[in-house]
Amino acid sequence: MDDQKAPILKVVATNIVEIRKQKGITQEQLAHKANIDRSYMGYIENAKHNISVGMLERIAIALAVDIRELVSK
């Protein structure tokens, strides 16, 4: 993985996990709501895959948060 991408991916991953847990949603439930394969959601939450803005938007909608909450430190 490109070292320059890693920090933002980790921020996004951490934010998704924290918000998901605050809302009492399982990883599987979030994946279903966002129409994302559960295993791929696991990769996202572990900062293993660079995701598109569109995918980020789907996750934000599924979590009912502004997309900025997923990318801010």
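The values are calculated or read from the model by the stated rules, or taken from the named source; none is laboratory data. Owing to the predicted nature of the structure, the values given are computational and were not obtained by experimental measurement. Cβ placement follows ideal geometry from the backbone for every residue including glycine, while neighbour counts extend to all protein chains displayed.
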Looking at this structure, is VAL71 among the hydrophobic types (A, V, I, L, M, F, W, C) and exposed (fewer than 15 other Cβ atoms within 10 Å of the Cβ)? yes
Of the residues LYS33, LYS48, only one is charged (D, E, K, R), on the phi < 0 side of the Ramachandran plot and assigned to a helix (DSSP H, G or I); which? LYS33
Can we say ILE8 is more than 10 Å from the chain's Cα centre (by Cα) and touching a residue at least 60 places away in the same chain (Cβ under 8 Å)? yes
Among (1) in a helix (DSSP H, G or I); (2) touching a residue at least 40 places away in the same chain (Cβ under 8 Å), there is one condition LYS73 misses while meeting the rest; what is its number? (1)
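Can you tell me which residue within region 51-68, out of those that are assigned to a loop (DSSP other than H, G, I, E, B) and of a type in the set (A, V, I, L, M, F, W, C), is surrounded by the most Cβ atoms within 10 Å (Cβ to Cβ)? Explain how you work it out, then say what you get.
Step one: filter region 51-68 for residues assigned to a loop (DSSP other than H, G, I, E, B), giving 51-52, 64-67.
Filter once more, keeping what is of a type in the set (A, V, I, L, M, F, W, C): 51, 64-65, 67.
On the way: ILE51: 19, ALA64: 10, VAL65: 16, ILE67: 15.
Checking each candidate, the answer is ILE51.
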Criterion (at pLDDT below 95 and of a type outside the set (Lys, Arg)) met by exactly one of ILE8, ILE19: ILE8
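Does ILE25 count as surrounded by 15 or more Cβ atoms within 10 Å (Cβ to Cβ), in contact with a Leu (Cβ under 8 Å, 6 or more places away or on another chain), assigned to a helix (DSSP H, G or I) and aliphatic (A, V, I, L, M)? Quick ask: steps written out before the conclusion?
Values: surrounded by 15 or more Cβ atoms within 10 Å (Cβ to Cβ): yes; in contact with a Leu (Cβ under 8 Å, 6 or more places away or on another chain): yes; assigned to a helix (DSSP H, G or I): no; aliphatic (A, V, I, L, M): yes.
Against the criterion (surrounded by 15 or more Cβ atoms within 10 Å (Cβ to Cβ), in contact with a Leu (Cβ under 8 Å, 6 or more places away or on another chain), assigned to a helix (DSSP H, G or I) and aliphatic (A, V, I, L, M)), ILE25 does not qualify.
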